[in-house]
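The values are calculated or read from the model by the stated rules, or taken from the named source; none is laboratory data. Just so we're clear, the structure is a prediction, and the values are computed from it rather than from any experiment. Here Cβ is always computed from backbone atoms with ideal geometry, including for glycine, and neighbour counts include all displayed protein chains. Note: accessible area is taken over every heavy atom of the protein model, side chains too, but ligands, DNA and RNA are not part of it. Shrake-Rupley method; radii C 1.70, N 1.55, O 1.52, S 1.80 Å.
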Amino acid sequence: MDDALVRAGRALRLVLLIALALLFLIPFYLLVRNGLSSEQDITSPGWTFFPGELRWGNVRELFGDPSVPFARSLLNSALIAVATTLGTLLLASLAGYGLARIPYRHANKVFYGILGTLLVPAAVTFVPSFVLVSSLGWISTLRGLIIPTLFSAFACFVFRQYFLGFPRELEDAAQVDGLGYWRTYWLVVVPNARPVFAAVGTIVLLGAWNSFLWPLVIGQDQSAWTVQVALSSFTTSQVIRLHELFVAAVVSILPLLVVFLCFQRWIVAGVERSGID
């Protein structure tokens, strides 16, 4: 009787997981289905699971559209996302390690000051940041898109909390060998903190890739457009190109999917150890 109940419970969980997975995949199915359809198929009142003719030429049309430099936008987004992620990980981890390990009587005050910036709405700092970037001549440049977004108070908080629980024995052994704070951080702490680096890095990468308002304001020339700005150009007051919009959305998701599949083991481990919700 007990074995039957256990098998029934497992079967029920399996059915529930399959149902949730299918529900989760519906938006991706709609993107792929509409991305390979014509405008008529997308807007037709009669629904089909897939159109009779899959229009693979939509992908070629997307990258050949002279009004939207989508390939350049992908490259810009990749450069911005990677540079922002690496810069944020370096700055935030150094700040978090310093606040957690280096003795300083005002360390808590500095930490609370950093946390206080999380309470300031982004809209309050947006205009001053734009004025500063404009005065430096960084409009429509990668510098203007990357540098103002490098430091993250949230990432600093996560790293500090993680390093507070980091085994001191490893650091003590490094200091006995004559290593200072910098070499201890680089040779001992970083190699043993890869999960939290992967978790925080993934969050920062997603935010940088999906950022829209700042790239829209700073990247005023088409040569500085990011993927999100390019996506918005397919729906204007003059024209709506649905098939290009959907296939562009699919293409823009693929890099994030690859990143997640490659780093999912470290991401899960980092979330468990750092307590990120």
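Across region 214-228, rounded Karplus estimates of 3J(HN,Hα) from the backbone phi angles (6.51 cos²θ - 1.76 cosθ + 1.60, θ = phi - 60°) give 5, x, 5, 7, 7, x, 7, 8, 4, 5, 10, 5, 9, 4, 5 Hz, Gly and Pro being marked x. Ordered from highest to lowest accessible area with the whole protein assembly present and a 1.4 Å probe, 39, 169, 61 read as 169, 61, 39.
Here region 7-36 is scanned for amide nitrogen atoms under 19 Å from the site 7 Å beyond the Cα of residue 53 along Cα-to-Cβ, giving 33-36. Label-to-label distance, residue 43 versus residue 236, with points set 7 angstrom from Cα along the beta-carbon direction: 1.8 nm. Once the dipole of region 170-245 is set up with Lys and Arg at +1 and Asp and Glu at -1 on Cβ about the Cα centre, which of 240, 189, 170 lies farthest towards its positive end? The residue sitting farthest along the positive end of the dipole is 240.
Applying a length cut-off of 30 Å (Cα extent along the axis) and a mean Kyte-Doolittle floor of -0.5 to the DSSP H helices of the chain leaves 2-35, 70-101, 242-274. With the largest listed first and rounded to whole Å, the semi-axes of the equivalent ellipsoid of the chain from the Cα gyration tensor are 40, 31, 16.
Picking from 225, 138, 186, which is most flexible by a Gaussian network model of the chain using Cα springs under 10 Å? Ranking 225, 138, 186 by mean-square fluctuation puts 186 first. With a cut-off of 15 Å between beta carbons, the residues surrounding residue 35 carry a summed charge of -2, where Lys and Arg count +1 and Asp and Glu -1.
Sort 15, 110, 250 from largest to smallest accessible area, using a 1.4 Å probe on the heavy atoms of the protein chains.
Listed by decreasing accessible area, they come as 15, 110, 250.
The residue 253 and residue 115 beta-carbon pair, evaluated with R₀ = 30 Å, returns a calculated FRET efficiency of approximately 0.35. Annotation for region 39-111 versus region 166-195: alpha-carbon center distance of 33 Å. Note on residue 260 and residue 136: the extension gain reaches 41.1 nm, defined as 0.36 nm multiplied by sequence separation minus the Cα-Cα distance.
Any chance you could list the semi-axes, whole Å, largest first, of the equivalent ellipsoid that the Cα gyration tensor gives for region 35-121, using √(5λ)? Could you put the intermediate results ahead of the total?
Details: eigenvalues 515, 61, 26 Å².
Square roots of five times the eigenvalues give 51, 17, 11 Å.
With a Förster radius of 45 Å applied to the C-beta separation of residue 60 and residue 106, the computed FRET efficiency comes to 0.15. Here the label points at residue 82 and residue 170, each 7 Å from Cα along the C-beta direction, are separated by 2.7 nm in the simple model. When a/c is below 1.5 the answer is rounded, else prolate if a/b is larger than b/c, else oblate, so apply that to region 1-65 with a ≥ b ≥ c taken from the square roots of the Cα gyration tensor eigenvalues. It is prolate, given that a/c is not under 1.5 and a/b is the larger ratio.
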